[in-house]
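Input: a single structure, listed below in structure tokens.
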Amino acid sequence: KKGDVSDLCVSFFGAGYVGLVSSVCLADFCRKVYCLDTDKEKIASLRDLQIPIHEPLLEDKLRKNYESKRLFFLSENFELAIRDSDILFIAVGTPSRRGDGHADLSYVFSVAELIAEMLTPGYTLIVIKSTVPIGTCNKVQEFMKAKVKTPKVQFDVVSNPEFLRQGSAVENFLHPDRVVVGGCGPVGSPSRKQMETLYSPFVKDKEALLFTSWEEAEMIKYASNAFLALKIQFTNEFADFCQLVNANISVVMKAIGLDERIGSHYLQPGPGFGGSCLPKDIRALVRSAQEYSYSMRLLESVIEGNEIRKRRIAQWIATLANESCPKEDVGTFLHGHHTTVTTTNVYGKRFGILGLTFKANTDDLRESPAIYVVQELLSLGAHVSVYDPQVKIESVIRNFDNFKGFPLNICEDSYSACKDADVVAILTEWEEFRNLDWDRLHSLVSRPVIVDTRNLLEPSLIGEKGFCYYSLGRPPSF
Ligand code: UGA
């Protein structure tokens, strides 16, 4: 039965971001893929081909594989999927636990329990795709052994972290830089053979399929995200310093990125890193190290630096509402030398916010620096109008639960959001913000001040349009 990927049947527990993208992509190659979730509404809408996330290329693939009956969505009768499957993936969320920053593993263990109780005689491979603290795979295997009820059940637990990026997840799945599998037996063992077969269509270069221990695979996932966060925080620190000394961060980062030991990616300054992974994973990593009485001091400072950054960006934007195109060095605000913004000096001021998601090409607001900035401005008594191409009003209201009754105006386009604004701030690098009609925007705003926290615009061009333009790590342009 085994040996070719087209013979394999696999199931994903969790129709979230990772589970959905992986099951849709694997359905191109496998005999059958089940995507399972206890959220009945989500499964019903997936069966109606309604996708709960914005992800390029996903919809067509989902439709094709669902209609050709290679991809199935279930919210119950999981035993059917378990019986049919050679490989069961656990791809449920591991959110930050409230209060202590640890990863909440309750979903992982409840799926592990459900699987263990439903396993049928014969061999099944269990794959943990969720991002879990080091040591979890080992614990899950022991836990499942104790929960198995049926005789002659055989299973292995392996770790297979994912490295998908929102906005390019389908592309990343189909063409991975590397695939990491931890905890398989030696060459020829059932777990190893199955993972080699499953990934054979995607990993052409054998060197890119790495077999490691459980702990190494779990660590590789955290180390990868931690390194990306480190590069971003490093870049942001240099951007702020560049601003103080009149140097241009783009020139500096381009030059250092050309050194191939450094590499050119993740050297783009911004309002701080966000999203559902980088901040949560680094917090969880630092917390797990602390359990061993070990301080990861570099990463602790990355977390702290990122929090401080979001606050300073908000304060900077607020401060610019009171100054008429100041020529003084704006970098000082970012370093906290400027007088603190008080409720009175932005009370009643109007801010036009362009972009809310944590980055472009996603509709995700989780840990978005933009959300932080908007909340901060509202709490200082400002009027805030926002526009984001992918964010629906309902999800904004959900994310702004604490701010019911505040003067937050969610707009349908950039121009309505910027009407009468004292300051316009670009917080997400959506392509459409590059090509706005600046003359029209100029005639709509109350004061022509733009803060671009993504360095999306060309300073000289926007300056020519009559705006006072501020960006990160580049001299302001008036
Ligand atoms: C991240 C990793 O990039 C993926 O490899 C990983 O699989 C994923 O987390 C995960 O653990 O699931 P993602 O959360 O989609 O992916 O976001 P990124 O594209 O990495 O961006 C993270 C944040 O960094 C965003 O807020 C983005 O705006 C910011 N960023 C990124 C910068 O500020 N500058 C850069 O140069 C790059």
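Test Asn236 against the criterion of being within 12 Å of the ligand (Cβ to nearest atom), modelled with pLDDT of 95 or more, closer than 16 Å to Ile256 by Cα and not aliphatic (A, V, I, L, M), and give yes or no.
Values: within 12 Å of the ligand (Cβ to nearest atom): yes; modelled with pLDDT of 95 or more: yes; closer than 16 Å to Ile256 by Cα: yes; not aliphatic (A, V, I, L, M): yes.
Yes; evaluated as a whole, the condition is true for this residue.
In this structure, does Thr197 turn out to be more than 15 Å from the ligand (Cβ to nearest atom) and polar (S, T, N, Q)?
On the way: more than 15 Å from the ligand (Cβ to nearest atom): yes; polar (S, T, N, Q): yes.
Answer is yes for this residue.
For the condition over 30 Å from Glu216 (Cα atoms), aromatic (Phe, Trp, Tyr), at pLDDT 95 or above and not assigned by TED's automatic domain parsing to the domain that holds Ser276, what is the one hit in Phe78, Phe109?
On the way: Phe109 fails: over 30 Å from Glu216 (Cα atoms).
Checking each option against the conditions leaves just Phe78.
Just one of the numbered conditions (1) within 16 Å of the ligand (Cβ to nearest atom); (2) modelled with pLDDT under 95 is not true of Ser368; which one?
Failing condition for Ser368: (2).
Residues are listed down the side, and each one gets a yes or a no for (1) under 24 Å from Arg98 (Cα atoms); (2) surrounded by 15 or more Cβ atoms within 10 Å (Cβ to Cβ):
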position: Asn225; (1), (2): yes, yes
position: Ala229; (1), (2): yes, yes
position: Phe238; (1), (2): no, yes
position: Gly270; (1), (2): no, yes
position: Leu285; (1), (2): yes, yes
position: Ser288; (1), (2): yes, yes
position: Glu291; (1), (2): yes, no
position: Met296; (1), (2): yes, yes
position: Leu299; (1), (2): yes, yes
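If you take the residues in segment 97-124 that are touching a residue at least 40 places away in the same chain (Cβ under 8 Å) and touching a Pro at 6+ places or on another chain (Cβ under 7 Å), which one is farthest from Phe163 (Cα to Cα)?
In this case the residue turns out to be Tyr123.
State which residue is farthest from Thr357 (Cα to Cα) when the search covers only segment 454-465 and only residues that are at pLDDT 95 or above and touching a Phe, Trp or Tyr at 6+ places or on another chain (Cβ under 9 Å).
Here the residue is Leu457.
From the set of residues in segment 127-179 that are among the basic types (Lys, Arg) and within 16 Å of the chain's Cα centre (by Cα), which is nearest to the ligand (Cβ to nearest atom)? Full working, then the answer.
Taking segment 127-179 and keeping what is among the basic types (Lys, Arg), we get 129, 139, 145, 147, 149, 152, 165, 178.
Checking which are within 16 Å of the chain's Cα centre (by Cα) leaves us with 129, 165.
Numbers: Lys129: 10, Arg165: 4 Å.
Applying the filter and picking the extreme gives Arg165.
The values are calculated or read from the model by the stated rules, or taken from the named source; none is laboratory data. Here the structure is a predicted model, which means the values were calculated and not measured. Please note: Cβ atoms are built from the backbone with ideal geometry, for glycine as well, and neighbour counts cover all protein chains shown.
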